[in-house]
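Engineer: Below are the structure tokens for one structure; questions will follow.
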Amino acid sequence: MVLGAAVGAAIMYGIVSFFVPQAGPQQNVELLPDDLKVVALGKKIYDANCASCHGVKLEGQANWRERGEDGLLPAPPHDETGHTWHHPDALLFALTKYGPAAMAGDGYTSAMPGFEDVLSDEEIIASLSYIKSRWPKEVRQRHDQINQSAAQQQ
């Protein structure tokens, strides 16, 4: 499972690096889940901008893997039960900044907006750092391995 997640993460990182240079090798994106000041700021940002869809406990919306009548996927959980931790920091940053629709292209639609005009890069990193700080130790370690694999692909 870890190997599959790492390979998938590396592929996604390559896509981000190719299509979104700002989130690729030119920009060092590193989450800071052990920095209490960053995490505290991140919680405030998450509560104000993300919790209404992704849940105050990072639980996401019901049936998040099934498209609704509108054709859109509900907001996934950001806790350990979701797939957020399967993606390297740079991809999480790019998805948050530009939105999934901008990342996927080809007419893909998503209810999640990009936050490029709402949050600074530092605020995006803080909110993602807060999310990571809530994961169990073993999930955080797996995510660190995914980041290492993505970095080796550069």
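The values are calculated or read from the model by the stated rules, or taken from the named source; none is laboratory data. Remember, predicted model here, so these are calculated numbers, not experimental data. Every residue, glycine as well, gets a Cβ built from its backbone with ideal geometry; the counts of neighbours run over all protein chains shown.
Engineer: I need the full set of residues from region 69-81 which are within 12 Å of Ala111 (Cα to Cα) and surrounded by 12 or more Cβ atoms within 10 Å (Cβ to Cβ), in order please. Let's see the steps before the verdict.
Structural biologist: Let us first name the residues in region 69-81 that are within 12 Å of Ala111 (Cα to Cα), namely 70-76.
Once the filter is applied, which keeps residues that are within 12 Å of Ala111 (Cα to Cα) and surrounded by 12 or more Cβ atoms within 10 Å (Cβ to Cβ), region 69-81 yields Leu72, Leu73, Pro74, Ala75, Pro76.
Engineer: Which one of these does Ser129 not meet: (1) touching a residue at least 12 places away in the same chain (Cβ under 8 Å); (2) outside any helix (DSSP H, G or I)?
Structural biologist: (2)
Engineer: Return yes or no: is Ala90 surrounded by 14 or more Cβ atoms within 10 Å (Cβ to Cβ), at pLDDT 90 or above and assigned to a helix (DSSP H, G or I)?
Structural biologist: Working: surrounded by 14 or more Cβ atoms within 10 Å (Cβ to Cβ): yes; at pLDDT 90 or above: yes; assigned to a helix (DSSP H, G or I): yes.
Yes, satisfied.
Engineer: Right, here's the next one. Looking only at region 104-122, count how many residues are in contact (Cβ under 8 Å) with a residue 12 or more places away in the chain, touching a Ser or Thr at 6+ places or on another chain (Cβ under 9 Å) and part of a helix (DSSP H, G or I).
Structural biologist: 0
Engineer: Give region 64-94 a look and list any residue that's in contact (Cβ under 8 Å) with a residue 60 or more places away in the chain and among the aliphatic types (A, V, I, L, M), or say none. So that I can check it myself, show each step before the final result.
Structural biologist: Filtering region 64-94 down to residues in contact (Cβ under 8 Å) with a residue 60 or more places away in the chain leaves 85-94.
Of everything in region 64-94, those that are in contact (Cβ under 8 Å) with a residue 60 or more places away in the chain and among the aliphatic types (A, V, I, L, M) turn out to be Ala90, Leu91, Leu92, Ala94.
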